[in-house]
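To start, the structure itself, in structure tokens.
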Amino acid sequence: MLEKSFTEVYEKFELIFFRRVFEKVRERDGSLSAMEAFSLEVIYLLHEPTVGQFADFLNISQSNATYKVNSLIKKGYIERQNSQVDRREYHLVLSEKFLNYVGLFNNYEHTVMQRCEERFSPEDVQTFDKILRVMSEELMPECDA
């Protein structure tokens with residue numbers, strides 16, 4: 001029961017995400033491919049990773065990751081920024097162009113959370129928040145970058 005309900009909710013979020021990716025991805029010069037859109041999402045979710053961290057997380061070669069990163073830099077979605085700790089290393093930083101793009105994806109999650117707050121009691125919302133935090137912080141260690 002719990003797994004089925006969770007899967008239904010997760011799949012609905014996925015459907016909205018994919019719809020928005022394909023609305024944004026168009027076949028023209030300089031547009032994002034679906035793979036580039038997914039790569040951007042991973043870079044966004046890893047919070048300024050190095051190319052190596054990006055490659056390791058996706059389990060792809062460093063050269064493949066570098067190719068993807070260079071394409072996204074050329075299109076203006078990300079920038080390289082030298083590390084404050086080790087100047088030989090650089091991090092992938094999202095550009096203003098990407099921040100305009102990502103807003104498309106966050107709106108639906110915000111809408112659903114607003115609906116939850118309207119539909120459920122403050123106590124239920126607080127319990128739901130606690131459950132989500134435990135899931136994120138304790139039950140999903142594979143996603144810690």
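The values are calculated or read from the model by the stated rules, or taken from the named source; none is laboratory data. Treat the numbers as computed from the prediction; the structure is a model and nothing was measured. Every residue, glycine among them, receives a Cβ derived from its backbone with ideal geometry; neighbour counts consider all protein chains shown. Areas reflect the complete protein model, heavy atoms only, side chains present, ligands, DNA and RNA absent. Shrake-Rupley method; radii C 1.70, N 1.55, O 1.52, S 1.80 Å.
For the reader, a short list of remarks on this structure follows.
- Cross-link partners for K12 among the lysines, with Cα-Cα distance under 29 Å and sequence neighbours closer than 8 places in the same chain left out: K4, K24, K68, K97, K130.
- Per atom type, the chain shows carbon and sulfur on 54% of its accessible surface, probed at 1.4 Å.
- Scaled to the globular estimate 2.2 N^0.38 Å, the Cα spread of the chain, given as radius of gyration, is 1.22.
- Taking every protein chain into account, the accessible area of the chain amounts to 74 square angstrom per residue (probe 1.4 Å).
- Net charge, L94 excluded, C-beta distance under 13 Å - Lys, Arg +1, Asp, Glu -1: -1
- Total formal charge among the other residues, if their Cβ is under 12 angstrom from that of S83, Lys/Arg +1 and Asp/Glu -1: 0
- Pairwise FRET efficiency - R119 versus E23, Cβ, R0 = 22 Å, nearest 0.05: 0.20
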